[in-house]
1. Pull up the cross-link candidates among the aspartates and glutamates for residue 108, meaning alpha carbon to alpha carbon under 16 Å and not fewer than 8 places away within one chain.
2. Per the 1.4 Å probe, what fraction of the accessible area of the chain, in percent, lies on carbon and sulfur atoms?
3. Using Cα positions and a limit of under 20 Å, work out the lysines in reach of residue 128, with same-chain residues fewer than 8 apart set aside.
4. Towards the positive end of the charge dipole of segment 83-141, with charges on Cβ (+1 Lys, Arg; -1 Asp, Glu), say which of 89, 102, 132 has the farthest Cα.
5. DSSP loop (so not H, G, I, E, B), at most 12 other Cβ within 10 Å: list which GluC sites (Glu not before Pro) in segment 35-117 pass both filters.
6. Kindly provide the trypsin sites (Lys or Arg not before Pro) of segment 74-139 that DSSP labels as loop, not H, G, I, E or B, and whose Cβ sees at most 13 other Cβ atoms within 10 Å.
7. If you wrap a convex hull around the alpha carbons of the chain, what volume per residue comes out, as a whole number of Å³?
8. Give me the 1.4 Å probe accessible area per residue for segment 1-91, excluding ligands and nucleic acids, in Å².
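The values are calculated or read from the model by the stated rules, or taken from the named source; none is laboratory data. Computed from a predicted model, the values in this text were never measured in an experiment. A quick note on method: Cβ atoms are made from the backbone with ideal geometry, for glycine too, and the neighbour counts reach across all protein chains shown. We work out accessible area using only protein heavy atoms, side chains counted, and drop any ligands, DNA or RNA first. Shrake-Rupley method; radii C 1.70, N 1.55, O 1.52, S 1.80 Å.
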Amino acid sequence: MAASKVGVLSCSGEECLGGTLSRLATLKMLDELRPDQTVTLCLPLYLAGGAEERFFAKAFPVIAVDGCDQCCAKRATEKYSGKVADSVVVSDIIGEEKAKDPAIVSTKKLTGEHREMADKVADVINKKFTKILNDKGEEKK
């Protein structure tokens, strides 16, 4: 059986570090950790009524990655496509104060510490990804 695709729907918030880290971690999943299994979904398109985005989230498991406790990606998925397979809240991983830092929102201003935070978030996403595939009997041990 071919391994399933898992969607990762990240925060689109650009006013705080948590949103930036959610997108960087999602990109790491797509480019490095699970390139053949990850499908990213675009939250603005999803919210605007993107039929392909919403269909994917109905048909395949989705991990919502939110920068803060507002959980916009998770709430949108559950409103338009059904329950998410799992979710990650960046502020739960790095702390609310750091996640809501408005001074660091551009990837041009990121330090090594910020990149380590993004890697930590990606590791959490990857663990949830593995659990989803294990639950479906599709992950190689």
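1. Straight-line reach from residue 108, under 16 Å: 14, 15, 116.
2. Numbers: 3820 of 7570 Å².
About 51 percent, which is the carbon plus sulfur part of the accessible surface.
3. Those lysines meeting the cut-off are 5, 28, 58, 74, 83, 120, 136, 140, 141.
4. Ranked along the dipole, the leading option is 132.
5. The qualifying sites: there are none.
6. Answer by residue number: 83.
7. Working: hull volume 14.7 nm³, N = 141.
Dividing the Cα hull volume of the chain by its residues yields 104 Å³.
8. Heavy-atom SASA per residue in segment 1-91 reads 46 Å².
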